[in-house]
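A.B. asks: What follows is a structure written as structure tokens; I'll ask about it next.
The values are calculated or read from the model by the stated rules, or taken from the named source; none is laboratory data. On a predicted model such as this, the values are computed, not experimentally measured, just so you know. Because the Cβ atoms are built from the backbone with ideal geometry, glycine has one as well, and the counts that use them run over all protein chains shown.
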Amino acid sequence: MKPNCDAPSSKLQAPEKLPKSKFSRCLQSLSIGECPRPVPPHPNPLPQGEGAASSSLLRKVSGLIPCETGKRFSLSPRERAGVRGESACASQRAWTQSEIRSFKFLRSFELGAWCLFLTLTLIAAQGCRTKQTESQAARTETPASGNEAESRAAFLAAYPVFMHPRCMNCHPKGDQPLQGEDSHVHFQNVQRGPDGKGLFAMKCANCHQLKNLAGENMPPGHTEWHLPPANMRMVFEGKTPTELARQLKDPKQNGGKTPDQIVRHVAEDSLVATAWNPGACRTKPPMTQQEAGRKLLEWVGNGAAIP
Ligand code: HEC
Ligand code: HEC
């Protein structure tokens, strides 16, 4: 038996049991110092011919250690030459080198595979990121146009509220209020008057009380029930979205209000609120006062674009 060569395979696999990092460090550096000895302690001196009979597996493992076998012999170089022959060492050296090379190759192959994997992963990630940045760019680009588009869209969403009879009947193009779902001219020749509160005996407050009067075709009520004044008529009737948006933005046409005040007016004003408390048998605007206010806020917040 050759205890050194026919060492149990479990022992031969020792290097593979090493923590990967150390083993690969050993492989990378290919230096003996860092490589743990794969073989059990060696009988000293070796029986003759032992070296040559090393199992290929052992050689494979100890091949990691370039011609290190020399160190395992206490024989003189000459004796060793007799036992193994310089050529044996040389051949082993050559074999070892080729093994190293193949290890190197395998290692580089493995590295290559990892590199390929990493590259593909990176490419995929990059692709994702490119897509992301593209969509981000699209998003950051759109704000200029996108916010403007959002702004316009918000105004267009709120527009039907302004055009609803509940609002439009108090914002007519003529000097008479309107009535009903069809926005016909107010009966009894009621006029705006300079302050919007009626002319002569036909003052709004004569018939429009502080509160809605109960019953169909009864006048709705509010403490300030009146039209905009003659010098600031704030017409909604017949206005396109573009015209209405311009008017609402223009302090000379909107009663000197800032855009924020317009938003507030629509969202909170109690006279505006009468549209949602219209009295019996009258329809309400297509969205709540809060929603209308929010739409106008979106419109103003995104730059109050003219649709
Ligand atoms: C003589 C009484 C009278 C006077 C004055 C009067 N109204 Fe009216 N008004 C009514 C009545 C009644 C109705 C309800 C008509 C109906 O629903 O058929 C009404 C309806 C309205 C409506 C329609 C409400 C809606 O939502 O459709 C508006 C707007 C309105 N009046 C504004 C005014 C304004 C502004 C003035 C003053 C400039 C005024 N009215 C003066 C009696 C009057
Ligand atoms: C009873 C009549 C009446 C009704 C109903 C009414 N308004 Fe007005 N609105 C006025 C008067 C009067 C003014 C001007 C005085 C003021 O600022 O309160 C005005 C002003 C405005 C303004 C201010 C600026 C401008 O440029 O026009 C807005 C906006 C407005 N109304 C929106 C609405 C909306 C939206 C509705 C319906 C949801 C509505 N109003 C319903 C009477 C009315």
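A.B. asks: Hey, does the range 212-220 have a residue that's near ligand 1 (Cβ under 9 Å from one of its atoms), in contact with a Gly (Cβ under 9 Å, 6 or more places away or on another chain), among the acidic types (Asp, Glu) and not in a helix (DSSP H, G or I)?
C.D. replies: Yes, because at least one residue in the range 212-220 is near ligand 1 (Cβ under 9 Å from one of its atoms), in contact with a Gly (Cβ under 9 Å, 6 or more places away or on another chain), among the acidic types (Asp, Glu) and not in a helix (DSSP H, G or I).
Quick grid of which residues meet (1) among the acidic types (Asp, Glu); (2) within 12 Å of ligand 2 (Cβ to nearest atom); (3) over 57 Å from the mean Cα position of the chain (by Cα):
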| site | (1), (2), (3) |
| --- | --- |
| Asn189 | no, no, yes |
| Gly196 | no, yes, no |
| Leu199 | no, no, yes |
| Ala205 | no, yes, no |
| Met218 | no, no, no |
| His222 | no, yes, no |
| Trp225 | no, yes, no |
| Pro229 | no, yes, no |
| Val235 | no, yes, no |
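A.B. asks: May I pose another question? Considering only the range 279-305, how many residues are surrounded by 17 or more Cβ atoms within 10 Å (Cβ to Cβ) and of a type outside the set (Phe, Trp, Tyr)?
C.D. replies: Of the residues in the range 279-305, 16 are surrounded by 17 or more Cβ atoms within 10 Å (Cβ to Cβ) and of a type outside the set (Phe, Trp, Tyr).
A.B. asks: Out of all the residues in the range 156-198, which are more than 21 Å from Ala273 (Cβ to Cβ) and either among the hydrophobic types (A, V, I, L, M, F, W, C) or outside the structural domain of Met218 (by TED's automatic domain parsing) (or both)?
C.D. replies: Scanning the range 156-198 gives Leu156, Val185, Phe187, Val190.
A.B. asks: Right, another one. Output the residue which, of all residues in the range 158-173 that are in contact (Cβ under 8 Å) with a residue 40 or more places away in the chain and outside any helix (DSSP H, G or I), is nearest to ligand 2 (Cβ to nearest atom).
C.D. replies: Filtering first and then ranking leaves Cys170.
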